[in-house]
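The values are calculated or read from the model by the stated rules, or taken from the named source; none is laboratory data. A quick note: this is a predicted structure, and the numbers were derived from the prediction, not measured. Cβ placement follows ideal geometry from the backbone for every residue including glycine, while neighbour counts extend to all protein chains displayed. These accessible areas exclude ligands, DNA and RNA; they are computed on the full protein's heavy atoms, side chains included. Shrake-Rupley method; radii C 1.70, N 1.55, O 1.52, S 1.80 Å.
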Amino acid sequence: MASIKLTINGKSIETHSGQTVLEVAQTAGIYIPTLCYHHALPPEGACRMCLVEIERQRSLQPACTFPATDGLVIHTHSPEVEATRKFILEMLISDHPLDCMTCDAAGDCRLQDLAYEYGVKGGRYQDGFKHSYEVNDPNPFIQVDRNKCILCHLCVRACDHVNGVEAISVFYRGFNAHIGFGADGSLQDSPCEFCGSCVAVCPTAALSPKLASGKGRSWQVEKVDTVCSYCGVGCKLTLNVRDDHIIKVESTWDGPANHGWTCVKGRFGFDYVHHPDRLKKPQVRKYLLDGKKKPKSRNGKLWQWVETDWETAINITAEKLRTTRDKFGPDSIGVLTSAKCTNEENYLMNKLARQALGTNNIDHCARL
Ligand code: SF4
Ligand code: SF4
Ligand code: SF4
Ligand code: FES
């Protein structure tokens with residue numbers, strides 16, 4: 001890559017070729033508004049919010065796709081640029097439901113942020129045609145509201161490049177252009193795997209998680225980073241927690257194992273955490289707790305599970321393992337661990353089996 005020197009807003013910047021104007025500006029700490037740009041996806045130049053003035057170019061150019069080359073002189077906030085951005089926002093808002101009061105994305109919506117920044121209230125062009133799509137995709141996870149879609153194509157690119165499924169396309173042109181699934185059917189009947197990558201990148205509430213609907217806005221939740229407990233991939237997730245309840249799971253783009261991706265379980269399968277049937281305390285058979293012999297009948301009270309504390313449960317387990325090993329030998333015991341545990345937990349189980357119990361009979365469920 002060759003060294004290049006360009007000027008943005010009068011500031012001289014030395015960098016290297018192979019970047020876009022937007023990337024150079026962002027690295028230099030110069031703000032350019034965007035709607036259809038996402039750092040993890042290839043740029044497409046669909047929204048034109050990032051238009052900038054480049055000297056000796058005949059028209060304004062999208063910073064997200066324009067290659068940064070030696071000698072460019074760029075103005076990111078000239079009066080013409082600002083007026084054009086405001087016009088684009090006015091056009092978008094003219095065909096957008098102005099229901100920020102009840103929208104789940106309020107506070108976490110790039111369109112809302114930019115309308116605020118540019119003072120666009122939605123008063124202009126209100127007499128034109130407006131879309132009125134039904135909001136009724138029957139799938140259990142993703143709310144599809146095309147009335148809020150700004151056709152940024154981020155969902156299309158996320159489905160192609162993050163998950164590789166290609167379930168979303170843009171159908172028709174002009175006023176009839178809309179996102180559709182499969183052969184323009186419902187999301188439920190498309191090849192969608194419900195990974196939720198499209199939801200993660202959608203800048204409005206056109207695609208949003210159904211499970212979070214009405215449960216809380218972005219400023220009302222606490223964000224907690226964690227690792228998915230479903231499988232051994234170990235995807236990094238961010239839980240949105242309100243009143244001690246998880247209302248939404250987001251992916252994190254810096255997750256070393258998943259780089260922003262999750263599967264359907266990690267993103268939408270969190271309701272088990274608060275399920276009333278979930279065991280929260282250890283349980284042992286009553287006869288063990290009472291120090292009695294194993295009953296012959298499995299129907300009596302002594303065979304029932306009873307809750308106890310961790311210390312009691314661990315002591316009973318340790319004692320049973322010890323007596324079994326001493327009576328029948330270490331290889332009478334087998335240890336089965338789980339890919340849902342962390343590496344550290346599996347390492348400790350390995351130590352327990354080989355060093356404490358003295359057996360090599362250890363395996364894990366992911367080999368099944
Ligand atoms: S949920 Fe995943 S697979 Fe389904 S449309 Fe969205 S990105 Fe594609
Ligand atoms: S659904 Fe969302 S991500 Fe997809 S094109 Fe519309 S606004 Fe963009
Ligand atoms: S999100 Fe899916 S792939 Fe990732 S750890 Fe969880 S279950 Fe495994
Ligand atoms: S962010 Fe550049 S055209 Fe949309």
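Of the residues that make up the stretch 134-142, is at least one free of Cβ contacts under 8 Å to residues at least 24 places away in the same chain and of a type in the set (A, V, I, L, M, F, W, C)? Yes - at least one qualifying residue is present in the stretch 134-142.
Residues that are of a type outside the set (A, V, I, L, M), closer than 27 Å to ASP137 by Cα and touching a residue at least 24 places away in the same chain (Cβ under 8 Å) within the stretch 231-258 comprise ASN240, ARG242, HIS245, LYS248, GLU250, SER251, THR252, listed in sequence order. When the test is whether a residue is surrounded by fewer than 20 Cβ atoms within 10 Å (Cβ to Cβ), β-branched (Val, Ile, Thr), within 32 Å of the chain's Cα centre (by Cα) and within 30 Å of LYS130 (Cα to Cα), THR34 does not pass it.
In the stretch 197-218, the residue that is nearest to HIS131 (Cα to Cα) out of those that are in a strand (DSSP E or B) and more than 6 Å from ligand 2 (Cβ to nearest atom) is SER208. Look at the stretch 348-360: where a residue is under 16 Å from ARG322 (Cβ atoms) and a partner is assigned to a helix (DSSP H, G or I) and not charged (D, E, K, R), sitting 6+ places away or on another chain with Cβ atoms under 7 Å, you get LEU357/LEU321; LEU357/PRO330; GLY358/PRO330; THR359/PRO330; THR359/ALA353. Being more than 14 Å from ligand 4 (Cβ to nearest atom), modelled with pLDDT of 95 or more and in a loop (DSSP other than H, G, I, E, B) is the requirement here; does GLY29 meet it? Yes. For the stretch 87-110, filtering for residues that are surrounded by fewer than 17 Cβ atoms within 10 Å (Cβ to Cβ) and part of a helix (DSSP H, G or I) leaves 2.
Within the stretch 227-243, the only residue that satisfies the criterion of being at pLDDT below 95 and part of a strand (DSSP E or B) is VAL227. Residues of the stretch 129-158 that are more than 9 Å from ligand 2 (Cβ to nearest atom) and buried (at least 16 other Cβ atoms within 10 Å of the Cβ): ASP137, ASN139, PHE141, ILE142, GLN143, ASN147. What are the residues in the stretch 97-118 that are free of Cβ contacts under 8 Å to residues at least 60 places away in the same chain and touching a Leu at 6+ places or on another chain (Cβ under 9 Å), if any? Across the stretch 97-118, the qualifying residues are ALA115, TYR118. Going by the structure shown, is ASP326 acidic (Asp, Glu) and in contact (Cβ under 8 Å) with a residue 12 or more places away in the chain? Spelling it out, it is not the case that ASP326 is acidic (Asp, Glu) and in contact (Cβ under 8 Å) with a residue 12 or more places away in the chain. Taking the criterion of being under 22 Å from TYR118 (Cβ atoms), assigned to a loop (DSSP other than H, G, I, E, B) and either within 34 Å of the chain's Cα centre (by Cα) or not hydroxyl-bearing (Ser, Thr, Tyr) (or both), the residues of the stretch 48-81 that qualify are ARG48, MET49, CYS50, LEU60, ALA63, CYS64, THR65, PHE66, THR76, HIS77. State whether the residues of the stretch 30-52 include one that is within 16 Å of ligand 2 (Cβ to nearest atom) and on the phi > 0 side of the Ramachandran plot. Yes: the stretch 30-52 contains one or more residues that are within 16 Å of ligand 2 (Cβ to nearest atom) and on the phi > 0 side of the Ramachandran plot. For the stretch 1-17, filtered to residues that are in a loop (DSSP other than H, G, I, E, B) and in contact (Cβ under 8 Å) with a residue 40 or more places away in the chain, the residue that is farthest from ligand 3 (Cβ to nearest atom) is ASN9.
Put simply, of VAL165, VAL156, VAL170 the only residue that is more than 19 Å from ASN139 (Cα to Cα) and not assigned by TED's automatic domain parsing to the domain that holds CYS36 is VAL170. Modelled with pLDDT under 95, open to solvent by 50 Å² or more (accessible area, probe 1.4 Å) and closer than 30 Å to LYS236 by Cβ: does that describe ARG367? Yes: the conditions hold for ARG367. Filtered by the rule that a residue be among the hydrophobic types (A, V, I, L, M, F, W, C) and at positive phi, the stretch 194-215 gives a lone residue, PHE194.
Screening ALA318 on (1) farther than 30 Å from CYS192 by Cα; (2) of a type in the set (Gly, Ala, Ser); (3) in contact with a helix residue (DSSP H, G or I) (Cβ under 7 Å, 6 or more places away or on another chain) shows it passes everything except condition (3). Within the stretch 159-193, being open to solvent by less than 50 Å² (accessible area, probe 1.4 Å) and either charged (D, E, K, R) or assigned to a loop (DSSP other than H, G, I, E, B) (or both) holds for VAL165, ALA167, ALA177, GLY182, SER186, LEU187, SER190, CYS192.
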